[in-house]
Amino acid sequence: MENDEPQSPDPSQDNSQTIRAQIEVIPCKICGDKSSGVHYGVITCEGCKGFFRRSQSSSVQYSCSRQSNCPIDRASRNRCQSCRLKKCVAQGMSRNAVKFGRMSKRQRDSLFAEVERHRQQQRLQCNSVLEPQTLPAYRPGKEPREQSSHLIPTLPPAYPYSVEPKLPGCPPEVHPYLECCIGEAQAPDLACRVSHRRSESNSPTVGRGFDSTRSTPEAILNMPCSEMGFRSFDPESLFFGYPTSLHIEELCASIVRSHRETTHYHPEELQTLRWKVFSRVEIHAYQSKSVDEMWQHCAVRLTDAVQYVVEFAKRIPGFRQLCQNDQITLLKSGSMEVVLVRMSRMFNMENNTVFFDGKFAGTELFKSLACSDLIAAVFDFAHNLCALRLTEQQMAVFSALVLINADRLYLEDRERVQRVSRDVKLALSHILHRDNQESLLLKLYQRVPVLKSLCAQHIEKLRWFRQLYPLTVHSLFPPLYKELFGFDTDIQTLATH
Ligand code: 6QP
C-alpha cells in the first residue's frame, strides 16, 4: 500500500516543490500538527497519514468507548482511534484518492489563499504579547470555519481548496454557529447548536420522516466536498438540457465511487467476516445491559453509520449545488433510510444475522433495547433487500435515489431537487438496463415506503425512550443523533416537562 502521495500536483503545470512548501504552512487537517503534504486527498501530518494507512487494513476495527465525539488534536490524537479515523474520513481522506492531473486555477488560487491566511495568522501570533513566539499546532476557535463542529464532524472545510462556493439562489446568511464554535472550541463535546428557524417551523410534523425544522447543521454542508483526485461530474451542465447517455454514465460512475469511498466495509471484507458470530456468553452480556445502556450503545453505532452517509450525500453530483436548507432537509429525512439500505450489505441470509460491533448478531442480541418489533422489522427489511442480491453499483445508485427525494416536506427549491432526482432515477434505470435486470426497478421502488415506515417507527420508539430516560438522551446521546432525530431539547425543557 504505497500510495501515500497520491496527490502531488503535476509538475508540468505547477512547481510541485513550491506548492508542497506552501502546503506545509497549513497544519494537518486532522490533528493540527505540522503537515507534510497531501495524503489520501487531504493535507495531513506524517502521523495521520500513517494512521490512515494502517486503518485501511481489513483486520482493523476501532470503536469509541466514549461518545464518538472525542477531540482530536496533536496531544490527544492517539487516545481514540475510532474518532481519529472518523475525522480522517470526515475531512475527506480516501484510500482511492488518486493523482490528479492538473490543479485548476480556482483550486490553486484557493490553496494559495488558504496558505496566505495561515501565514498571516502566524505573523499575528508571533506579534502577540500574550502568546509570544508560539506556533501552536492546532488552534480551534481562531479559525472557526476550519473547525469541525463535532455536531457533524463530516462537515469540514475539507481540502479541495475551499473558497466557499456561493450557492446560487440562496442568499448568504449569517451563521450563528460560527460564534458558537468560537465559544465552545475548548469544549468540543458540547454540540454547536444553531437554532435556525424557518418559516414552516411553527408546525413541526411528527411521525413523517424526521422533523426537518429544527436546528440546522450548516457547518457540515458549508464546505466543498472532498472529491478531489478525479474529474468530477458536473451536474450543472445538465440543468438546462436533457441528459445524454454519456452524462448518465458519468453520473453512475460518480455515485458508485462516492458509495465505495464512504462505506466502511468493502464487500470482500464483509465476506471474510461472515464466520464471526457472537458466542452465547457474548449475546448474554448484551442482553444483560440495561435498556438505556444498550440504547446509548446503538445510538452511537447508528450515528457513526449516519456520518458515512452524510459524506456519501456530499459526494453525489448535484447535492452540494442544492441550497443548504435543502441539503439538510434531505439528510434529516433520508440519511437513516440509506443506513437501512446499507445494512443489507451486512446481512447474512444463511443465519439471519447482521454485522454489529465486529461480529454477526441475530435479533435476540438486541433484547435489551425493548424494541423487538422494530428490530424484527429492520431485520426483515435487510433480509428482503439482501434477497434482491444487488450489486454494489446498483445499491449505490439506489441509495442516491433514496436520498435525493423531491417529495420531502419543507424543500425550498423543490424543482432543483427534482432535476437532480430525475437524473438519479435515469441513472438507476440505466444501470439496471445495462445489467439486464430491469425487473428490479419496481421491486426497488416498492421498498421506498417500507423505509419510510421503518424510520417513522424509529422516531416513535425514540420518543418513548426519551420520556423514560430524558437525561440519557440529553447528556449521553451523540449530538448529531439528537440533531437528526429532532431532539433539541435542552435541560430546562426537560425540567419543566
Ligand atoms: C449500520 C445496529 C444492526 C441493530 C442495530 C440502524 C435502534 O439501534 C437502533 N437502530 C439502528 C442501529 C443501527 C443501524 O444501522 C447500523 O449498519 C448501525 N446500527 S447498529 C445494527 C441492528 F440490527 O446499532 O450497529 C438502526 C435504536 Cl438506537 C433504538 C431502538 C431500536 C433500534 F433499532
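Quick notes on this one:
- Some residue of segment 438-450 being part of a loop (DSSP other than H, G, I, E, B) and either in contact (Cβ under 8 Å) with a residue 24 or more places away in the chain or over 30 Å from residue 293 (Cα atoms) (or both): yes
- Test result for residue 327, modelled with pLDDT of 95 or more and either more than 13 Å from the ligand (Cβ to nearest atom) or surrounded by 23 or more Cβ atoms within 10 Å (Cβ to Cβ) (or both): no
- The residue that is farthest from the ligand (Cβ to nearest atom), counting only those in segment 332-347 that are basic (Lys, Arg) and more than 19 Å from residue 445 (Cβ to Cβ), is 332.
For (1) surrounded by 20 or more Cβ atoms within 10 Å (Cβ to Cβ); (2) away from the ligand (no atom under 14 Å from the Cβ), each residue gets a yes or a no:
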{"residue": "268", "(1), (2)": "no, yes"}
{"residue": "271", "(1), (2)": "no, yes"}
{"residue": "277", "(1), (2)": "no, no"}
{"residue": "285", "(1), (2)": "no, yes"}
{"residue": "292", "(1), (2)": "no, no"}
{"residue": "310", "(1), (2)": "yes, no"}
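- Segment 23-50, residues that are polar (S, T, N, Q) and not in a loop (DSSP other than H, G, I, E, B): none
- Taken together, 355, 360 contain a single residue that is over 19 Å from residue 422 (Cα atoms), assigned to a strand (DSSP E or B), near the ligand (Cβ under 9 Å from one of its atoms) and in contact with a Leu (Cβ under 8 Å, 6 or more places away or on another chain), which is 355.
- Considering segment 435-457, the residues that are more than 24 Å from the chain's Cα centre (by Cα) and exposed (fewer than 13 other Cβ atoms within 10 Å of the Cβ) include one that is nearest to the ligand (Cβ to nearest atom), namely 446.
- Helices (runs of 4 or more DSSP H) contained entirely in segment 215-288, each with at least 3 residues that are among the small types (Gly, Ala, Ser) and at pLDDT 50 or above: 245-261
- Failed criterion for residue 460 (all others in (1) of a type outside the set (Val, Ile, Thr); (2) away from the ligand (no atom under 16 Å from the Cβ); (3) surrounded by fewer than 16 Cβ atoms within 10 Å (Cβ to Cβ) hold): (2)
- Long-range neighbours under 6 Å by Cβ, at least six apart or interchain, first residue closer than 18 Å to residue 387 by Cα within segment 330-350, second small (Gly, Ala, Ser) and more than 9 Å from the ligand (Cβ to nearest atom): 338/399; 341/399
- Cross-chain or 6+ apart pairs with Cβ under 8 Å, segment 314-325 first and over 19 Å from residue 90 (Cα atoms), then of a type in the set (Asp, Glu) and not in a helix (DSSP H, G or I): 322/413; 323/412; 323/413; 325/412
The values are calculated or read from the model by the stated rules, or taken from the named source; none is laboratory data. None of the values given here were measured: they were computed from a predicted structure. Ideal geometry is used to build each Cβ from the backbone, glycine not excepted, and the neighbour counts take in all protein chains shown.
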